[in-house]
Amino acid sequence: MPYELPPITAVNGLRLAAPAAPVAMDFLAGAPGASLSGTLKGRRGHFDTRIAQLRTDTTRWWNEDRASLGRAAKVVPFADGSDPTEDPHNLPVIRTSGDVDALTDEPARSYLAGYKIRAAVNIGHVAAAPRIKEHLGLIY
């Protein structure tokens, strides 16, 4: 809801010859006449992307510590925030380096695409494995 500022009649104790016109401003949106709902809708996608990236980074760092201790890793969410082991992806769970080595070509390519790791379209699981391991924090 816009808030209308009262007219300005004086500045530093000096009276103005004519009051300045009132200014309507939506303080939450940050710009005169801007719509709060439009501003939030426009930024939601950006925030969703950043949150997904933070979840991925945090899980990867967690996995680096766990891998160095010989413990199983957590599932790292895809770039869009979705879980690779659930619908619609239904990929094999990766908790260790051995799980990555056991992937076949198609799941390996799906993991690369989901994590937005650049690779050749026809890359095989052997060539994809080191990239996936690094992205998941399984190389220490």
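The values are calculated or read from the model by the stated rules, or taken from the named source; none is laboratory data. No experiment lies behind these values; they were computed from the predicted model shown. Cβ placement follows ideal geometry from the backbone for every residue including glycine, while neighbour counts extend to all protein chains displayed. Heads up: the accessible areas ignore ligands, DNA and RNA and are worked out on the full protein's heavy atoms, side chains in. Shrake-Rupley method; radii C 1.70, N 1.55, O 1.52, S 1.80 Å.
Just need a number here: residues in segment 98-110 that are surrounded by 18 or more Cβ atoms within 10 Å (Cβ to Cβ) and in contact with a helix residue (DSSP H, G or I) (Cβ under 6 Å, 6 or more places away or on another chain).
Total meeting the criteria: 3.
Tally up the residues in segment 111-133 that are within 19 Å of the chain's Cα centre (by Cα) and open to solvent by 20 Å² or more (accessible area, probe 1.4 Å), please.
Kept after step one, since they are within 19 Å of the chain's Cα centre (by Cα), are these residues of segment 111-133: 111-118, 132.
Those still in the list that are open to solvent by 20 Å² or more (accessible area, probe 1.4 Å) too: 113, 116-118.
Looking only at that region, the number is 4.
If D87 satisfies every condition in (1) over 20 Å from the mean Cα position of the chain (by Cα); (2) open to solvent by 60 Å² or more (accessible area, probe 1.4 Å) but one, which is the exception?
(1)
Please indicate, with yes or no, whether at least one residue in segment 86-100 is of a type in the set (K, R), assigned to a helix (DSSP H, G or I), within 24 Å of H125 (Cβ to Cβ) and out of contact with any Ser or Thr (no Cβ under 8 Å at 6 or more places or on another chain). Reasoning before the result, please.
Filtering segment 86-100 down to residues of a type in the set (K, R) leaves 95.
With the extra rule that they be assigned to a helix (DSSP H, G or I), the set shrinks to none.
No, there is no match, as no residue in segment 86-100 is of a type in the set (K, R), assigned to a helix (DSSP H, G or I), within 24 Å of H125 (Cβ to Cβ) and out of contact with any Ser or Thr (no Cβ under 8 Å at 6 or more places or on another chain).
Here is a yes/no grid of residues against (1) in a helix (DSSP H, G or I); (2) at pLDDT 95 or above:
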position: Q53; (1), (2): yes, no
position: T56; (1), (2): yes, no
position: A73; (1), (2): no, no
position: R109; (1), (2): yes, yes
